[in-house]
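**Q** Take a look at the following structure, please.
The values are calculated or read from the model by the stated rules, or taken from the named source; none is laboratory data. Every value quoted in this text rests on a predicted model; they were computed, and no experiment measured them. Cβ sites come from the backbone with ideal geometry, for glycine too, and all protein chains shown count toward neighbours. For the accessible areas, the whole protein counts, side chains as well, though only heavy atoms, and no ligand, DNA or RNA atoms are used. Shrake-Rupley method; radii C 1.70, N 1.55, O 1.52, S 1.80 Å.
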Amino acid sequence: MASQNGDGRLRGEESPRGEKRLRIAATGDVHCRDSNREAVVESFAQLGEDVDLVLVAGDLTSHGRLEEAEILCEAAAVTAAPVYAVLGNHDWHADEAEAILERLQAGGVHMLDRRAAVCQVGGVEVGIVGVKGFVGGFAPRHLPDFGEPSLRAVYAEATEEVEALEAGLHEVATCPVRIVRLAAPILEHGPDLVLHGHAHAGSPDGLIGETPVHNVSQPLLGTDFRFFELDASEAHSPIR
């Protein structure tokens, strides 16, 4: 469906109906560690050239160690498609999150830590917004900004994630295709594709308001990647 240009950007082939298909390989909760290094790298190597984007929705490492992040760098290096990722709670566990962010970015993984990015796929601008998400719940059963300082601190951090997501969506508002990637879903929005990880159980698909949200957590799916197709000629819902 797509091949890579010499400048590193992707061009998509048009379907017989003139539609440009954007094929996305999404995953989450990879939990890189020494024992699964070979399997992770091989799973990325098998994606092939028909994948336009690879999205990883958090929990890239098992225990938040820098050496575990090196495995994802190896995996990203063996796939032709650009790889975009966010951190998850596992990646913060050992207080090495900043070092992990820097290493992954230097290793070719586009890290979206409360920010947006725009890439060119088949001559179409694709806006991608990424945050790690945070606990807090959903109205009317969400954590209030009231009471103990520790609870109010949780509320404040969740609010920062929400505000970063809103700002990112505003930044890519003019892109024909908009994708939101979260470590955990935190609020309602209406982009073309919303992905999350972290949830190891439950349903692979759900709704926040009227917005479809797709779980790409490996432990839930029982597979390495979940594939989606978008019509990149104009904004559409996922085909599959």
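**Q** Residue 25 fails exactly one of the following numbered conditions: (1) open to solvent by less than 60 Å² (accessible area, probe 1.4 Å); (2) part of a loop (DSSP other than H, G, I, E, B). What is the number of that condition?
**A** (2)
**Q** For the stretch 142-164, which residues satisfy the criterion of being closer than 22 Å to residue 197 by Cβ and not β-branched (Val, Ile, Thr)?
**A** 142, 143, 157, 158, 160, 161, 163, 164
**Q** For the stretch 51-145, which helices (runs of 4 or more DSSP H) that fit wholly inside it have 3 or more residues that are within 24 Å of residue 226 (Cα to Cα), open to solvent by less than 70 Å² (accessible area, probe 1.4 Å) and touching a Cys at 6+ places or on another chain (Cβ under 6 Å)?
**A** Hits in the stretch 51-145: 66-77.
**Q** Right, something else. Name the strands (runs of 3 or more DSSP E) wholly inside the stretch 172-219 in which the number of residues that are more than 10 Å from residue 57 (Cα to Cα) and modelled with pLDDT under 90 is 1 or more.
**A** Output list reads 177-182, 205-208, 211-215.
**Q** Now for a different question. For the list (1) open to solvent by 20 Å² or more (accessible area, probe 1.4 Å); (2) closer than 18 Å to residue 108 by Cα; (3) more than 14 Å from the chain's Cα centre (by Cα); (4) modelled with pLDDT of 90 or more, I need the number of the one condition that residue 32 fails.
**A** Checking residue 32 against (1) open to solvent by 20 Å² or more (accessible area, probe 1.4 Å); (2) closer than 18 Å to residue 108 by Cα; (3) more than 14 Å from the chain's Cα centre (by Cα); (4) modelled with pLDDT of 90 or more, the one that fails is (1).
**Q** Could you tell me which residue of the stretch 126-165 is nearest to residue 180 (Cα to Cα), considering only residues that are small (Gly, Ala, Ser) and over 17 Å from the mean Cα position of the chain (by Cα)?
**A** 158
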